[in-house]
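The structure appears below as structure tokens.
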Amino acid sequence: MNDPMQDQDIRMDADNLAREDVFTDSRIGTIRRLTPVTAEGEVDSSREVQYFGSTQIMTPAGALPLNFELPNESLAAAVEGFGDAAKVAVEQTMEELKEMQRQAASQIVVPKGGMDPGAMGGGGPGGMPGGGIQMP
């Protein structure tokens, strides 16, 4: 059997390294700060620091994780922008869920001839009694 990783060149991109710091208020969520660094671990000031927020919302199906980009001017700006960015992420996620529901509903297949239970082997006119199960 072929190893799928055998043919792939698996390497870290030494030109795109970042140090990750995580900040939390232990209540609402976390902020990840990605500080660009060189392969030697020194801060790479030619690239911008990035901030990402993470939180979760409760749904009837359980916790739904949300991840979103935050303002990158400073940690204080990221903290200040967390709430608004989280609200946008919730709205986008809800729209995506609604679209997925619409797509799933449009994939319902109706057998030819409508919903005649006999056409699907069930009981009723033209079908076998007992829901299609025959006793020997």
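Can you tell me how many residues in the range 1-27 are under 29 Å from Gly53 (Cβ atoms) and modelled with pLDDT under 85?
Our first condition is that a residue be under 29 Å from Gly53 (Cβ atoms); within the range 1-27, this holds for 12-27.
In the following step, the residues that additionally are modelled with pLDDT under 85 were identified as none.
Selection size over the range 1-27: 0.
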Hits in the range 29-53 - residues which are within 21 Å of Gly81 (Cα to Cα) and exposed (fewer than 14 other Cβ atoms within 10 Å of the Cβ) = Glu48
Identify all residues within the range 19-28 that are surrounded by 10 or more Cβ atoms within 10 Å (Cβ to Cβ) and closer than 20 Å to Lys87 by Cα; write none if there are none.
-> Phe23, Thr24, Asp25, Ile28
Within the set of pairs 6+ apart or on separate chains, which have a first residue in the range 49-70 that is over 14 Å from Ile31 (Cα atoms), a second that is of a type in the set (Ser, Thr, Tyr) and modelled with pLDDT of 90 or more, and C-beta atoms under 9 Å apart?
-> Ile57/Thr93; Leu64/Thr93
Inter-residue pairs, beta-carbon under 9 Å, first assigned to a helix (DSSP H, G or I) and in the range 80-105, second among the β-branched types (Val, Ile, Thr) and loosely packed, with under 12 Cβ neighbours inside 10 Å, 6+ apart = Leu97/Thr59
Reported set for the range 89-131 where residues are over 27 Å from Leu66 (Cα atoms) and either among the β-branched types (Val, Ile, Thr) or modelled with pLDDT of 90 or more (or both) is Ile108, Val109, Val110
Of (1) over 29 Å from Leu97 (Cβ atoms); (2) of a type outside the set (Gly, Ala, Ser); (3) in contact with a Lys or Arg (Cβ under 6 Å, 6 or more places away or on another chain), Asp9 satisfies every one except (3)
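Among the candidates Asn67, Asn72, which residue alone is of a type outside the set (Gly, Ala, Ser), touching a strand residue (DSSP E or B) at 6+ places or on another chain (Cβ under 9 Å), modelled with pLDDT under 95 and surrounded by 10 or more Cβ atoms within 10 Å (Cβ to Cβ)?
On the way: Asn67 fails: modelled with pLDDT under 95.
Selected residue: Asn72, the only one of Asn67, Asn72 that is of a type outside the set (Gly, Ala, Ser), touching a strand residue (DSSP E or B) at 6+ places or on another chain (Cβ under 9 Å), modelled with pLDDT under 95 and surrounded by 10 or more Cβ atoms within 10 Å (Cβ to Cβ).
The values are calculated or read from the model by the stated rules, or taken from the named source; none is laboratory data. All values derive from a computational prediction rather than experimental measurement. Neighbour counts are summed over all protein chains in view; Cβ atoms, including those assigned to glycine, are modelled from backbone coordinates with ideal geometry.
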